[in-house]
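Everything below concerns the one structure shown next.
The values are calculated or read from the model by the stated rules, or taken from the named source; none is laboratory data. In this text, all values refer to a predicted model and were calculated from it rather than measured experimentally. For neighbour counting, all protein chains shown are included, and Cβ atoms are generated from backbone atoms with ideal geometry for every residue, glycine included.
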Amino acid sequence: MAQRLKTDWTLFLTIVGMVCFGIVMVYSASTVMAEVRFKDANRFLLRQLGFAVAGFALLMYFKRKDYRTLGSSVWAFAPLGLVLAALVVVYFTDPASHRWLGYGVARIQPSEFAKPALVVFLAWFVTKRAHAINARYTLFPAALALSVLAASVIVADLGTAAVLMCTAAAVFYVAGLDRRYFFFAVAACLLVLPLAILSKPYRVHRIIGYVDPEYKILDTIDPKGYIKNWANTSITTRDASYQARQSKIAVATGGALGKGLMESKQKLLFLPEAHNDFIFAVIGEELGLWGATCVLAGYLVILWRGMRLYWTVPDDFGRYLALGVTVAVVAQALINISVVLDMAPTKGFPLPLISYGGSSLLSSLMSLGVLMSVSDHAG
């Protein structure tokens with residue numbers, strides 16, 4: 001007799017509610033810009049609806065699939081290999097930003113799919129090596145795989161690379177990795193991070209805008225302005241703190257109750273990427289503190305249900321899957337919100353389940369489908 005699945009309705013309805021809420025906010029944040037640039041106010045709404053339908057199809061596919069079938073070398077290496085291959089292709093086919101694969105509507109951002117691929121790989125790998133997690137023959141291949149993936153992603157997307165590293169760190173930590181290896185990993189990251197920032201002038205510009213927006217320190221260090229001029233070569237605006245300032249204006253003017261849905265002023269081409277990376281600012285302006293709190297509550301529910309699974313699922317592979325998916329989704333949300341509130345340097349980074357973007361929504365729903373599979377099939 002087939003096992004009757006027990007759906008976690010709290011988690012499922014939270015996901016549905018957040019995606020539906022995101023569609024509404026994408027429409028609210030994008031109509032003016034879509035009308036001005038494309039003469040079609042519904043352009044982003046219709047696309048996001050299409051992405052949501054495809055994303056829920058993926059969620060239901062993985063939800064119904066027994067997560068234990070993912071615990072094989074094929075599922076561990078094939079998706080990761082496809083992502084790496086796509087990242088290499090993107091590097092040459094998209095020389096401007098190294099992000100997009102495809103053309104027009106049929107474009108994807110391979111770095112987004114690195115997150116679910118890495119979660120499955122880590123869960124499989126750590127489960128297989130649980131008895132010798134601190135052995136050299138465990139650490140070397142893990143470090144090699146993570147380094148190659150992070151290096152491939154970091155070329156175009158430093159934020160996604162940070163999420164990948166947070167996910168890997170969480171999984172290896174709970175698996176029992178010795179503390180000294182974490183110190184080595186942190187030291188390596190601290191060495192690589194400055195090089196990654198310096199490799200792109202716009203990254204340097206964003207760091208300057210966050211640390212020294214009025215250039216007081218920079219002008220003292222570099223009175224001839226060489227660093228400032230170089231950092232300004234790849235951006236459209238010369239105001240390093242423009243996005244953060246406009247975002248804070250939006251959040252501050254929303255107050256406790258907000259101005260009302262569709263009533264944002266900052267989305268009138270003042271706030272760049274209002275429907276995408278900075279949609280949380282529009283939420284704060286239109287729906288106020290209560291709306292922003294509801295969004296945070298949604299991620300807290302995902303965190304709660306994911307960590308609950310980590311503690312209750314009987315097998316290690318399911319536990320690591322639940323942990324990896326939860327950390328990846330929640331860490332990305334926290335980084336995005338931190339940027340919007342000017343608590344971190346500006347970074348092009350979507351808010352999971354809420355922001356406009358097909359790759360982000362598909363990747364998030366795919367990952368959460370795996371999480372729901374763990375919930376449904378664990379027993």
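Worth pointing out:
- Check on Ser147, at pLDDT below 80, part of a helix (DSSP H, G or I) and of a type outside the set (A, V, I, L, M): no
- Test: residue in segment 165-176 that is farther than 24 Å from Asp315 by Cβ and modelled with pLDDT of 80 or more: yes
- For segment 150-164, the candidate set comprises residues that are of a type outside the set (Gly, Ala, Ser) and assigned to a helix (DSSP H, G or I); within that set, the residue that is modelled with the lowest pLDDT is Val153.
- Arg308 being surrounded by 21 or more Cβ atoms within 10 Å (Cβ to Cβ), basic (Lys, Arg) and closer than 26 Å to Ala114 by Cα: no
- Verdict on Ala281 being in contact (Cβ under 8 Å) with a residue 24 or more places away in the chain and crowded, with 24+ Cβ neighbours inside 10 Å: yes
- Which numbered condition Phe280 fails, given (1) at pLDDT 95 or above; (2) over 20 Å from Ile15 (Cβ atoms); (3) not polar (S, T, N, Q): (2)
- Residue within segment 103-122 that is within 30 Å of Asp178 (Cα to Cα) and not in a helix (DSSP H, G or I) present: no
- Residue selected from segment 168-183 under the condition assigned to a helix (DSSP H, G or I) and touching a residue at least 40 places away in the same chain (Cβ under 8 Å), by the criterion surrounded by the fewest Cβ atoms within 10 Å (Cβ to Cβ): Val174
- For segment 133-159, a tally of residues being in contact with a Lys or Arg (Cβ under 7 Å, 6 or more places away or on another chain) and of a type outside the set (Asp, Glu) returns 4.
- Any hit, segment 341-357, residues being over 18 Å from Lys6 (Cβ atoms), of a type in the set (Ser, Thr, Tyr) and part of a helix (DSSP H, G or I): no
- Entirely in segment 184-231, the helices (runs of 4 or more DSSP H) that have 1 or more residues that are at pLDDT 80 or above and among the aliphatic types (A, V, I, L, M): 201-211, 216-221
- No other residue among Thr127, Thr138 is modelled with pLDDT under 80 and polar (S, T, N, Q) apart from Thr138.
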